[in-house]
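Trainee: I'd like to ask some things about the structure below.
The values are calculated or read from the model by the stated rules, or taken from the named source; none is laboratory data. Here the structure is a predicted model, which means the values were calculated and not measured. Note: accessible area is taken over every heavy atom of the protein model, side chains too, but ligands, DNA and RNA are not part of it. Shrake-Rupley method; radii C 1.70, N 1.55, O 1.52, S 1.80 Å.
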Amino acid sequence: MDKKNIFLGIGMGLAVGGLTALAMKPRKRSMKTTVGRTLKTMSDVVESVSDALGF
């Protein structure tokens with residue numbers, strides 16, 4: 001085995017591992033999407049509570 005081949009293999013493994021980790025990283029949601037989901041959840045909660053209380 002040549003030292004050059006070992007270092008080449010290690011370098012390629014690190015590069016592929018790093019790219020895979022970046023590709024699988026969850027993407028940031030935009031503020032608009034987050035606010036929309038929050039408002040939808042809140043309206044569902046209010047509807048459930050009002051149905052439970054009989055309003």
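Trainee: Using a probe of 1.4 angstrom, how much of the accessible area of the chain is carbon and sulfur, in percent?
Mentor: Carbon and sulfur together cover 69 percent of it.
Trainee: While we're on this one: So for K32, K40, what's the accessible-area order with a 1.4 Å probe, most first?
Mentor: Descending accessible area places them as K32, K40.
Trainee: Using the alpha-carbon atoms, what tilt in degrees (0 to 90, nearest 10) does helix 3-24 show relative to the longest principal axis of the chain?
Mentor: Here the helix axis deviates by roughly 10 degrees.
Trainee: Excluding residues on the same chain fewer than 8 positions from K32, give the lysines whose Cα lies under 26 Å from its Cα.
Mentor: The qualifying lysines are K40.
Trainee: Taking only protein heavy atoms into account and a 1.4 Å probe, give the accessible area per residue of the chain in Å².
Mentor: The answer is 99 Å² per residue.
Trainee: Still on this model: Working from Cα positions, state the angle (0 to 90°, nearest 10) between the long axis of helix 31-53 and the longest principal axis of the chain.
Mentor: Tilt relative to the chain: about 40 degrees.
Trainee: Nearest 500 deg cm²/dmol is fine: what mean residue ellipticity at 222 nm does the chain get from its DSSP H runs of n ≥ 4 alone, each adding -39,500 (n - 2.57), divided by its residue count?
Mentor: When only DSSP H runs of four or more count, the value is -28500 deg cm²/dmol.
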